[in-house]
Structures are given as C-alpha cells and as structure tokens.
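Everything below concerns the one structure shown next.
The values are calculated or read from the model by the stated rules, or taken from the named source; none is laboratory data. Since this is a predicted model, take the numbers as computed values, not measurements. Quick reminder, even Gly has a Cβ in these numbers, built from the backbone with ideal geometry, and neighbours come from all protein chains shown. For the accessible areas, the whole protein counts, side chains as well, though only heavy atoms, and no ligand, DNA or RNA atoms are used. Shrake-Rupley method; radii C 1.70, N 1.55, O 1.52, S 1.80 Å.
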Amino acid sequence: MYRVRRWVVRHSRVFEMIYRRFEPVLVKLAPVWRRLGHERVEAPVRMVEKAAKGALFDCRMCGQCILSATGMSCPMNCPKTLRNGPCGGVRADGHCEVKPDMVCVWVDAWEGSRRMKQGDLIHAVQLPVDHRLTGSSSWLRVVRQLDGTSSSTANRETTRERQQDEVR
C-alpha cells in the first residue's frame, strides 16, 4: 500500500483530473441516489469507495475525504491523524518521528499539491474529524452537499463561520 500511495502522490495531477471528471457524474446521479434512498445505497457505494480509495490512497474511510486539498496524500495515514499540517516531529530527512521508515504524510501532501492545478487548497484550514462519520461514504456526502440535500451542509458552514469569528 505504501508504495502505491507514494506513486499516487507523484501523479497527483492525473488523479485530480480524474476526480474532477468523476465528481460531476456522481452529482448527476443525485436523483437516482435520492430515489433509491441514501441509506439503501450507502453500503454498496461505501464498498466500492473503500476498495478504490483503499487500494490507491490507503484510505481509512473517515467519511470526510480531503484528498483534493492534500496533494492526494491522505492525512489519516499520519500516525497522529493530523489534518492541518505536520507535527513538530518531522525529521530533517522528511520522515515521520513515530514511523521513521515512512515519509511524513504532510511532506507527501506538500509535494503532491505542488503538482496539482488546485494545489493551493492545501492552505485551507480543515475542520477536525467528526468520528461519527467514520466508515461512511464521503462520495455520497459530497453529492448531498453539492445537491443541497444534506442537513450537515448547514451545520458545517455554521461551524466554519464560528471558527472564523473566534479567530477574528
């Protein structure tokens, strides 16, 4: 998995282009997902998502995928599961302090983001992981958010606004 994950980061631009074509297809299928029921299609979609993203990105199925903002390097692969950058323990050679034989996930993320067209997304501050969503499909969540059928969209925007107000 580790070698494949590193290969994907080196080819992050290609995977970004694939995802940019894949996402609109998922959104166009929103009426189908709604008609069948999101709860009913969650299991089969999750199974496909887990297989595809597991093989390519060593996906942990956090339910809140941010690969497009992290150079196609999943931050959940960090032993500390940091979602907003590296810890203070990155070694001089770019390796992880917890797993010295592994390149820091965030070193890979930075490298991958530099190759991507929308690589500046790495600067966006990510919300903490909502562990209640672990094991759910982030693909269906994106569809519901873009389609406007997700109640969590309003909750996330409210949370994001509160966090910005606290910073000010």
Out of curiosity, is V103 of a type in the set (A, V, I, L, M) and open to solvent by less than 50 Å² (accessible area, probe 1.4 Å)?
-> yes
Specify which of the listed residues (R40, R20, R60) is over 19 Å from L133 (Cβ atoms), of a type in the set (D, E, K, R) and either modelled with pLDDT of 95 or more or open to solvent by 30 Å² or more (accessible area, probe 1.4 Å) (or both).
-> R20
Count of residues meeting criterion [more than 19 Å from M102 (Cβ to Cβ) and open to solvent by 20 Å² or more (accessible area, probe 1.4 Å)] in segment 46-57 = 6
Hits in segment 68-82 (condition: under 16 Å from T134 (Cβ atoms), open to solvent by less than 20 Å² (accessible area, probe 1.4 Å) and either without any contact (Cβ under 8 Å) to a residue 60 or more places away in the chain or of a type in the set (F, W, Y) (or both)) | P75, C78
For V27, the lone unmet condition from (1) modelled with pLDDT of 95 or more; (2) surrounded by 14 or more Cβ atoms within 10 Å (Cβ to Cβ); (3) not hydroxyl-bearing (S, T, Y) is (1)
